[in-house]
1. Scan Ile262, Ile228 and give me the residue that is under 21 Å from Ala321 (Cβ atoms) and of a type in the set (A, V, I, L, M).
2. In this structure, is Gln370 assigned to a loop (DSSP other than H, G, I, E, B), over 30 Å from Gln94 (Cα atoms) and modelled with pLDDT of 95 or more?
3. Inspect all residues belonging to the range 49-61 and state whether any of them is touching a residue at least 24 places away in the same chain (Cβ under 8 Å) and over 24 Å from the mean Cα position of the chain (by Cα).
4. Every residue in the range 150-185 that is surrounded by 18 or more Cβ atoms within 10 Å (Cβ to Cβ) and farther than 26 Å from Arg256 by Cβ, please.
5. Six or more apart or on different chains, Cβ under 7 Å: which pairs go from a residue in the range 116-127 that's farther than 16 Å from Gln106 by Cβ and buried (at least 24 other Cβ atoms within 10 Å of the Cβ) to one that's among the hydroxyl-bearing types (Ser, Thr, Tyr) and at pLDDT 95 or above? Could you list them?
6. Considering only the range 11-29, I want to know if a residue exists there that is assigned to a helix (DSSP H, G or I) and within 19 Å of Leu249 (Cα to Cα).
7. Please go through (1) within 15 Å of Val302 (Cα to Cα); (2) in contact with a Phe, Trp or Tyr (Cβ under 6 Å, 6 or more places away or on another chain); (3) not charged (D, E, K, R) for Val404 and return the number of the only condition it doesn't satisfy.
Amino acid sequence: MTTAAPQTLTDWLAYIEQQHPATIDMGLDRVRSVAQAMGLGQPGAHTIVVGGTNGKGSTVAFIEAIARAAGRKVGAYTSPHLLRYNERVRIDGQDVSDEALTAAFQAIEAARGSTTLTYFEYGTLAALKLFGDAGLDLAVLEVGLGGRLDAVNIVDADVAVITTVDIDHSDWLGEDRETIGVEKAGIIRGWKPVILGETDPPSSVLARAYLLGANAIRGGSDFFVDVIDAQTWRWRDVGFRIELPTPALRGPIQLRNAASAIAALRALDMPLPRTAIAEGVAAARIRGRLQGVDRDGVEVLVDVGHNPQAARELASALKAAPVSGRTVAVFAALQDKDAVGVVEALGGQVEAWHLAGLDGARAQSAQALQARLQETVAASARRHATVADALDAAVADAAAGDRVLVFGSFHTAAQALQWLDAAR
């Protein structure tokens, strides 16, 4: 019996999820061969690829907003999505339509022959086709996992950005920063600029840049962030400086992300007016990054942070913006994440914990999560079946002046945003 061809975007997403035996199968041969069969070239007149452990999505948002403020036609590819798959592919600041995505998937299906592709490889090829057809001035592509063997790495970018390197996805990338750095550094190209957001990146990243003759432009060494006051900061390098508004994206880490975005755009052979830098820094938005909503005097903060480095940045953000009451955490994490490291990083900034369960292949129940946290401050946390249940309880118990932080994964953040939308 012949299976009916997918029609709707929902049909296509279900279909592409089943076309490769493994959810993750790192390597470039499959995706490169299909890209060649499709005749895909560079996705834009200029291309920036953004990799790293944390901060990728925010850095893409800053690059996109600044370049659009400069009048450029920009495409941005990010992953994963929070609420709709369409969020992954933006052109001129708008999510692409269901029709555009299904047409791209149809083109991939016609070209791939017997080659099997993962879900992420289908999505990457779809984005590259849509960007190539759109006549972009700039394509900004976020690496999905690692860098060296990630599907995005079939593109030779004009500029690479490595935001941070820390421990995450250890089963795939390695157990230490130096080993993970080798994977992240795979997006560097010979004699092309690479922006390093960290002051002290792993030596493996620097070694790769030097081996290839890439121009390594390092935060805290080649470009700098100076905080002037609560509303203003300065970006500077040896020949340029500009005072800028504090980003709408919250948290001290966002200054570093914005600074890396500015450095990346300045490394391109493309005019960048001062006014565009200021407008873009102020305009950049991305959901689920310390996104705050007031609920009767209780601030609900939603964040996608899911590893210890992200948790340390969350702790810094909470400490920098104290509240008059308590900070209560709602935490739900996938089973392959370092939940103990996350809780330990945040423990000093949280007075009470609620644990929630998630559904899915990599998910775990609140009971399973709590069993892993027996030696932490969350050992006696209240348990809930879902993120929505945990939020109901946390907000019901909160008083005006309290803060509820809900975090732990993109799945957690997505469910929190749905809860907030339903509570309007």
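The values are calculated or read from the model by the stated rules, or taken from the named source; none is laboratory data. This structure is a prediction, so every number in the text was calculated from the model and none was measured. Note that we place each Cβ from the backbone using ideal geometry, even for glycine, and neighbour counts take in every protein chain shown.
1. On the way: Ile262 fails: under 21 Å from Ala321 (Cβ atoms).
That would be Ile228, the only listed residue that is under 21 Å from Ala321 (Cβ atoms) and of a type in the set (A, V, I, L, M).
2. Taking the combined requirement at face value, the residue does not satisfy it.
3. For the range 49-61, residues touching a residue at least 24 places away in the same chain (Cβ under 8 Å) and over 24 Å from the mean Cα position of the chain (by Cα): absent.
4. Passing the criteria: Ala151, Ile154.
5. none
6. No.
7. All conditions pass for Val404, except number (2).
Residue-by-condition table, conditions (1) touching a strand residue (DSSP E or B) at 6+ places or on another chain (Cβ under 8 Å); (2) surrounded by 19 or more Cβ atoms within 10 Å (Cβ to Cβ):
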position: Gly51; (1), (2): yes, yes
position: Ile66; (1), (2): no, yes
position: Ala69; (1), (2): no, yes
position: Ala76; (1), (2): yes, yes
position: Ser79; (1), (2): yes, yes
position: Arg88; (1), (2): yes, yes
position: Gln94; (1), (2): no, no
